[in-house]
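The values are calculated or read from the model by the stated rules, or taken from the named source; none is laboratory data. Remember, it's a predicted structure, so these values are computed and weren't measured experimentally. With ideal geometry, Cβ positions are generated from the backbone for all residues, glycine too; neighbour counts draw on all protein chains shown. For the accessible areas, the whole protein counts, side chains as well, though only heavy atoms, and no ligand, DNA or RNA atoms are used. Shrake-Rupley method; radii C 1.70, N 1.55, O 1.52, S 1.80 Å.
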Amino acid sequence: MRPATQALGYAATRVAGVALVGLLLGALLRRPWGGAALALGAYLLWSLAMLYRVEWWLQHRSVAEPPEARGVWGTVISLIARLHRRKRFHKERFVQLMRQLQLSTAALPNGVVILNAQREIVWFNRMAARLLGLRHAVDVGVRIENLLREPQFGRYLEKGDYANPVVVRRSSPPDSYLSVQLVAYGDGQQLLLAADVSRQMRLEAVRRDFVANASHELRSPLTVISGYLETLAQDPGLDPEFATPIAEMRRQAERMTAIVRDLLELSRLEETDERAGGEPLDVAGLMALLRRDVLARPVHPREVRLRIDSDAALVGKESEIHSAFANLVDNAAKYTPPDGSIEMHWWSDFEGGHFAVSDTGIGIPAEHLPRLTERFYRVDPGRSRVTGGSGLGLAIVKHVLQRHGAELEIASTVGKGSTFTCHFPPERVLAGQGERLSG
Ligand code: ADP
């Protein structure tokens, strides 16, 4: 039998017992019903007193001992005491867990901010307070974009692609950088992770400056060497024995000049991570110019076609767009045999503007495609050296496209050819402006 049912049976027996005793004692005085009523009344009074004691205990149960009782009251009190003990145990465990959680998040070297579905701050750890300058009293409930107002973070939120962190430059302390990433969880909530990357960014700046300075310093000696080699090559009195080595030296000097030029261009592109501004560019005009350059090469693919399916202008920085497109066309020309062909295609649709360079050249094995835009990455280093490539062309293309919010798509089949497509977002396309610019 369960304790409550047992207690109820016991209580009923006790009431009946009290009534019977009252009845018997009343019978001795010839008032059996009076005796029973008196006994039951006394029992009721005792029960009320117990109720009062239990209520008092419930109100002071954290400090007071439970009242001593047997029977139904004893059972009720022990049930309540057991529930109370269990609740206290769970509460203590929860508090302990919370304390552990607080201690571990406080010890985290990264800032953590919990945001609700409206991106309002719900909670943050000590590091987040330090890195983002947050204060518990005023900043809880405030939208994160109102506190982290840097344009890089605004663009990151706008884009909505949180797979990678964004580096944000902060004004205070001066020259400090934060890496910030949003991680979605639960029902629309987000976790904002922040880390101080100022040291890495400073090292990166040192590396960039070193490459830029070294390239810059190499430029003048190279110009002198190339100049003398050219004069020597044109000297009619030159011993024919030297003709081949001098031609080779000129080729290598040209390669070095190309590498230095591309390194300088990359450093210039890397100097700022701001989006490139720009003016409307006549893509068709640029394509005609690039076609002429290919046909002016001593060896070039037989056919260079232009396909212009849009009269839209592209909004961008002319020198950068020119350099990116020229690199793609230059590669197509370099890696396509003379009996092959190249096609440049410009079109626009609701997704934006697209510029593609296709060739019927040697193609690229699929395993190389993901690494192609890395600096100095070459599929076939020997061949690239012969063609005079710096290995930096596609790295420049990638940087330029990044600065224009565009993406590079590469498709290639070995032995059949390759297609490099630049996809520009709609805000970079001005419909009907291309013809006006060229006219
Ligand atoms: P490079 O100056 O060596 O051409 P890039 O960065 O422009 O350097 O290109 C990297 C590598 O990608 C090249 O070395 C070449 O192997 C490969 N590549 C680029 N474009 C093409 C193409 N159109 N066809 C075949 N291979 C290409």
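So the values come out like this:
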| read-out | value |
| --- | --- |
| Check on P298, within 15 Å of the ligand (Cβ to nearest atom) and either modelled with pLDDT of 95 or more or surrounded by fewer than 13 Cβ atoms within 10 Å (Cβ to Cβ) (or both) | no |
| Test result for L306, within 20 Å of R403 (Cβ to Cβ), modelled with pLDDT of 95 or more and not assigned by TED's automatic domain parsing to the domain that holds S215 | no |
| Enumeration of residues in the stretch 245-277 that are in a loop (DSSP other than H, G, I, E, B) and either surrounded by fewer than 17 Cβ atoms within 10 Å (Cβ to Cβ) or at pLDDT 90 or above (or both) | E271, T272, D273, E274, R275, G277 |
| Single match in A49, A42 (criterion: surrounded by 12 or more Cβ atoms within 10 Å (Cβ to Cβ), part of a helix (DSSP H, G or I) and modelled with pLDDT of 90 or more) | A42 |
| Residue identified as outside any strand (DSSP E or B) and open to solvent by 80 Å² or more (accessible area, probe 1.4 Å) among F242, F153 | F242 |
| When residues of the stretch 325-378 are limited to those that are surrounded by fewer than 19 Cβ atoms within 10 Å (Cβ to Cβ) and basic (K, R), the one farthest from R297 (Cα to Cα) | R371 |
| Pairs with Cβ under 7 Å, 6+ apart, first in the stretch 393-404 and farther than 17 Å from P425 by Cβ, second within 13 Å of the ligand (Cβ to nearest atom) and not in a helix (DSSP H, G or I) | L394/L372; L394/T373; A395/T373; A395/E374; A395/R375 |
| Residues that are loosely packed, with under 14 Cβ neighbours inside 10 Å and part of a loop (DSSP other than H, G, I, E, B), drawn from the stretch 115-139 | A117, Q118, G133, R135 |
| Pairs where the first residue, in the stretch 319-337, is within 13 Å of L281 (Cβ to Cβ) and among the hydroxyl-bearing types (S, T, Y) and the second is open to solvent by less than 30 Å² (accessible area, probe 1.4 Å) and within 12 Å of the ligand (Cβ to nearest atom), C-beta under 7 Å, 6+ apart | S323/I396 |
| Helices (runs of 4 or more DSSP H) within the stretch 354-439 that include 2 or more residues modelled with pLDDT of 90 or more and under 34 Å from the mean Cα position of the chain (by Cα) | 393-403 |
| Extreme residue, farthest from T75 (Cα to Cα), among residues of the stretch 1-53 that are in contact (Cβ under 8 Å) with a residue 60 or more places away in the chain and small (G, A, S) | A11 |
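Residue by residue, here is whether (1) within 30 Å of P280 (Cα to Cα); (2) hydrophobic (A, V, I, L, M, F, W, C); (3) more than 7 Å from the ligand (Cβ to nearest atom) holds:
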| site | (1), (2), (3) |
| --- | --- |
| A356 | yes, yes, yes |
| A366 | no, yes, yes |
| Y377 | no, no, no |
| T387 | no, no, no |
| V400 | yes, yes, yes |
| V414 | no, yes, yes |
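Residue-by-condition table, conditions (1) touching a residue at least 24 places away in the same chain (Cβ under 8 Å); (2) under 30 Å from A117 (Cα atoms):
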{"residue": "Y156", "(1), (2)": "yes, yes"}
{"residue": "K159", "(1), (2)": "no, yes"}
{"residue": "P165", "(1), (2)": "yes, yes"}
{"residue": "R170", "(1), (2)": "no, yes"}
{"residue": "D175", "(1), (2)": "yes, no"}
{"residue": "V183", "(1), (2)": "no, yes"}
{"residue": "M201", "(1), (2)": "yes, no"}
{"residue": "V206", "(1), (2)": "no, no"}
